[in-house]
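What follows is calculated from the coordinates using simple rules that are stated; it is not laboratory data. None of these values were measured; they are calculated from a predicted model. Please note: Cβ atoms are built from the backbone with ideal geometry, for glycine as well, and neighbour counts cover all protein chains shown.
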Amino acid sequence: MTIETQTQNMSVNNFEQCLKCSICTVYCPVSAVTPLYPGPKQAGPDGERYRLKNKAFFDEALKMCLNCKRCEVACPNDVHIGDIIQAARIKYSTHRPSLRDMMLANTDLVGTMASPFAPIANPVLKLKPMKAVLHGVMGIDKHRTFPDYSSRKFESWFKKEAAPKQSQYSKHVSYFHGCYVNYNYPQLGKDFVKVMNAVGYGVHLLEKEKCCGVALIANGMPKQAKRQGEVNMTSMRKAVAQGHAVLTTSSTCTFTMRDEYDHLLGIDNHDVRDSISLATRFLLQLIEKGEIKLAFREDYHKRVAYHSACHMERMGWVPYSTRLLRMIPGIDFVMLESQCCGISGTYGFKKENYERSQAIGKGLFDQIDEANPDCVATDCETCKWQIEMSTGTPVMNPISIIAEALDVEATRELNK
Amino acid sequence: MEKELSNHYDVIVIGGGITGAGTARDCAMRGLKVLLVERHDYSTGATGRNHGLLHSGARYAVTDHESAVECIAENMTLRKIARHCVEETEGLFITLPEDDINFQSTFVQKCTEAGIRAEVIDPQLAKIMEPAVNPDLIGAVKVPDASVDPFRLTMANVLDAQLHGAEALVYHEVIDIIIEQGRVVGVKLRNNLNGEERNVHATLTINAAGIWGMLVAQMAGVKINMFPAKGSLLIFGHRVNNMVINRCRKPANADILVPDDAVCVIGTTSDRVPIETCDDMRVTPEEVELLLAEGMKLAPSLGSTRILRAYAGVRPLIASDDDPTGRSISRGIVTLDHEKRDGLAGFITITGGKMMTYRLMAEEVTNLACEKLGIAKQCETATTPLPGSEPKVETKKYSFAQKAAEGRHGTLNASIDSGDVTSDALVCECEGVSVGEVRYAVTKLHVHNLINLRRRTRVGMGTCQGELCACRAAGVMCGDDTQKAINDLAGFMNERWKGMQPVAWGDNLAEAQLTARIYQGVLGVDRLANERRVECYEI
């Protein structure tokens, strides 16, 4: 009996299952560029043993972790290394979030404040003196530019322009647009609505949507993240009860709500988790089941290089987006070797991380320069900022590329 | 590397366990000229094969008042003089539904009589204080138990003995006792690393060889009837508990769970074994089953926690009756003045006792030695801190490895090189041992091979059991002597496997297979090692 319990032993985050092979450290983008970071094995399962002994063994160097989860992808024994590190930060870090951290993390609040002033805020945030102030006073690196705020939020557009038309469809989905679409780049949300409508799906917003909380977790505000997560779960439960899939256009929001809610925040999401999906995955699955068809414009030509965002790798969902893109006849598709771009959400915005962030991404930037595409495609908005800033190449979400290449009328006909 | 030895010592202490080390320290502090000899490495025997429990004495309070009184006194002393070896965890004595709750009041009363602070607490409070404790408990008593690292404690005693002028030799085995005119005048030593033999003379020879003291006495023609009682223990991969957990009942099998460093240890069993088997103790599957089943009653989560190793030690008890279990025998200290007892002058045996009463044992035997040598100086070991346990001054910001090293070496941590990339690089990632710490151990702490290094620094004691660190440590230690490094690695990996083998299943087995693949498959250590040289590693 006792031996049976022993052999089936599984520990919290599988930390005891670590066989010390160190493959995670080989794949860690941070370890590759700095000896100051202990690496995922040491920061994760090794450090955890000592932290269980005494919390004084917590090392603030763990904040160098990008939470990219590439260690978890590499692990042959399913140890949740990234979760162990994030959980340790939540549990043991004595570092209090600064004003900067709070501003970077509170995307909802800052976005709501900035949107009405977008025409003023956008140019001002680009001014050198302003950047110098942000760099010196706030610790936001001077090389970074905040993504433009949109003067009209996606939600406002949707309610006025799109919502009234959605009831004409027989099938429906809910859309978790995320902060980026809402405050910075409503066009992606519009593209999503265009594609879904074309294949015969009505789009609906959730009853109440809050930021998924990824930036709050990363900046040491797990309690607020949990509160917001609970709001999202309540709304999603209602959507799922109506038979809606909950779709997103951001890999990071998706990953956070599917996996981090349960693993790090203790939010019970098991009843909605499987209904949360990235739009590309949802579409590809429908296409493969023969339920929908896409028709593309014949005059569309573009050389597209696909970048695998870290959380796409962790979910194992890269093929959904790439196969969908490859369906577009006019696309000259280049697959970039999978590696972290270095931004990791708000991480790269902090001046203490800037150089490390750029060093991590350098290999990727070189690959993009060499491939010389018309645009880079990726499912993560923060990768977009990083790649655009670092290479000058425009970056598009696969859904925007689909929307751009789509022959809407023909698609509507096919899906009648 | 053979040291110049003196022609004559006041005292030769046989045995590099905690008793011998403590005795060497005490003798040296009283101004005696001391030679400490050990046939293998320090703390190879029972010293390194126990719970690492700094008893409060509560365990013995009901059955053995004398031991309980000794324990609590030494417990308080060691917290002061060996601060860096002790972790003040506190302990619980829990009563489970199957135990007699009436025993608790007797227990508390006897503890109080022995001067042990025993505080009955609400079982609910016990669960908050120690979340790993069996939630079915019906009673709990808090006592001042703690955990102690016997490897560090032994080494600190040796270091202090040396600071007071003592000489110490490891891998030197006493192969004969030299007797002239009815008096022991010295010992014949064999260097176990190169086979050389030599005679060393002393006015007094103190036999502090634990269970092997029986054999040492035999060489002197004196009979000591000892009782080798094997105790097996299991080490778990990480701590499930942060307080010592005991069963509140008469001492029985597997009823103490001790948090030691980054692991926890359940034990022990108690079985009489023949003296011939004491050099190679093996833990049986039945013992593993028993330890695990009983351990789960203290902390149910042990059942689903990875077991790293199984090991066994032999208690050096003096046989006083025919009790087959060995539990009713006093753990009391026995000092045998062979001049009085057997008419053999110049020879004293110190035995019995416990790891944690070593200082008292040392004091007793040193008192006797001083009396014989006409030295009047009083014992100061109870008030003088050991090297590493001096009052702390430094409060700089530490890395993980520096924190871990400070835990191991106390204030001596300051002697470890750090601050440059090489010194700070980790040799052992599980236990946070840096290159600097390995170098320090090699130069200052009598390290001849990887097993010695493990006892000084915890290299190879973590979850990977040497999988990654052994090779790196061998590289740091051996420099260009690759054949030595290969022999050393082979010996070390065999020793690690010995402890893993009784619990080789699940992830531990996967770990062992990966290790075997690395050392045999990739590195070919098994084929390259010189077998004869590997055999000299005690395992």
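Listed by Cβ neighbour count within 10 Å, with the fewest neighbours leading, A:143, B:338 appear as A:143, B:338.
The alpha carbon radius of gyration of the range A:259-407, expressed as a multiple of 2.2 N^0.38 Å, is 1.12. Placing R0 at 60 angstrom, the Cβ-Cβ distance between residue B:425 and residue A:170 gives a FRET efficiency of 0.40 after rounding to 0.05.
Relative to the current alpha-carbon distance between residue A:359 and residue A:36, full extension at 0.36 nm per residue lengthens the span by 114.9 nm.
Considering only A:81, A:42, A:57, the residue lying farthest towards the positive end of the dipole of the range A:1-95 is A:57, judged by Cα position with unit charges set on Cβ. A viscosity of 1.306 mPa s and a temperature of 10 °C, combined with the Kirkwood radius over Cα pairs in Stokes-Einstein, give a translational diffusion coefficient for the range A:99-138 of 146 µm²/s. Under the convention that each Lys and Arg Cβ holds +1 and each Asp and Glu Cβ holds -1, the size of the dipole of chain A around its Cα centre is about 1120 debye.
Here the extension length gained between residue A:94 and residue A:117 equals 4.7 nm, from 0.36 nm per residue of separation less the Cα-Cα distance. In a reduced charge model with +1 at each Lys and Arg Cβ and -1 at each Asp and Glu Cβ, the range B:441-539 shows a dipole moment near 280 debye about its Cα centre. With N the number of residues in the range B:400-535, Rg(Cα) / (2.2 N^0.38 Å) evaluates to 1.03.
Can you tell which of B:502, B:438, B:522 lies farthest toward the positive end of the dipole of the range B:400-535, using +1 and -1 charges on the Cβ of basic and acidic side chains (Lys, Arg; Asp, Glu)? Ranked along the dipole, the leading option is B:502. Look at the stretch B:236-242: the mean tally of other chain Cβ atoms within 10 Å of its residues' Cβ atoms is 4. Exposure proxy for A:146, A:57: other Cβ atoms within 10 Å of each Cβ, ordered fewest to most, give A:146, A:57.
Work from the charge dipole of the protein assembly as shown (Cβ charges, +1 for Lys and Arg, -1 for Asp and Glu, about the Cα centre) and give the residue of B:453, A:30, B:202 farthest towards its positive end. The one lying farthest along the dipole's positive direction is A:30.
Across chain B, the longest piece that holds none of the GluC sites (Glu not before Pro) lying in DSSP loops with up to 13 other C-beta atoms within 10 Å covers B:197-379. Counted by Cβ distance under 11 Å from residue B:142, the other residues give a net charge of -4, where Lys and Arg count +1 and Asp and Glu count -1. By other beta-carbon atoms within 10 Å, ranking B:211, A:120 with the fewest at the front produces A:120, B:211. Span-like helix criteria (full DSSP H runs; alpha carbon extent of at least 18 Å along the helix axis; mean Kyte-Doolittle hydropathy of at least -0.5) are satisfied in chain B by B:65-81, B:150-163, B:285-298, B:358-373.
Give me the one-decimal nm value for the distance between modelled label points at residue A:187 and residue B:66, 7 Å along each residue's Cα-to-Cβ direction. Result: 9.1 nm between the two label points.
Across chain B the C-alpha pair distances fall into 20 Å bins from zero in the proportions 22, 57, 20, 0 percent.
Take the convex hull of the alpha carbons in the range B:356-440; its mean projected area over all directions comes to 7.7 nm².
Using DSSP to define loop residues, name the GluC sites (Glu not before Pro) in the range A:310-354 whose beta-carbon has at most 14 other beta-carbon atoms within 10 Å. Here the GluC sites (Glu not before Pro) that fit, given the DSSP loop and packing criteria, are A:337, A:352. Quarter the surface of the alpha carbon convex hull of the protein assembly as shown and you get the mean projected area, 43.7 square nanometres. For the pair residue B:304 and residue B:225, label points projected 7 Å from Cα toward Cβ lie 5.1 nm apart. Charged side chains reduced to their Cβ positions (Lys and Arg at +1, Asp and Glu at -1) give the protein assembly as shown a dipole of some 2740 debye around its Cα centre. Segment residue A:142..residue A:291, full-extension length gain: 48.7 nm, with 0.36 nm per residue of separation and the alpha-carbon distance subtracted.
Computed from the C-beta positions of residue B:8 and residue B:176 and an R0 of 25 Å, the FRET efficiency is 0.90 to the nearest 0.05. Paramagnetic label reach from residue B:523 (point 7 Å along Cα→Cβ; backbone nitrogen cut-off under 19 Å): within the range B:414-440, residues B:425-439.
With R₀ set to 56 Å, the beta-carbon distance separating residue A:55 from residue A:207 gives a calculated FRET efficiency near 0.90.
Averaging 1/r over each pair of different alpha-carbon atoms in the range A:2-92 and inverting the result gives 13.3 Å, the Kirkwood hydrodynamic radius. Modelled this way, with points 7 Å down the Cα-to-C-beta line, the labels at residue A:352 and residue A:151 are 3.9 nm from one another.
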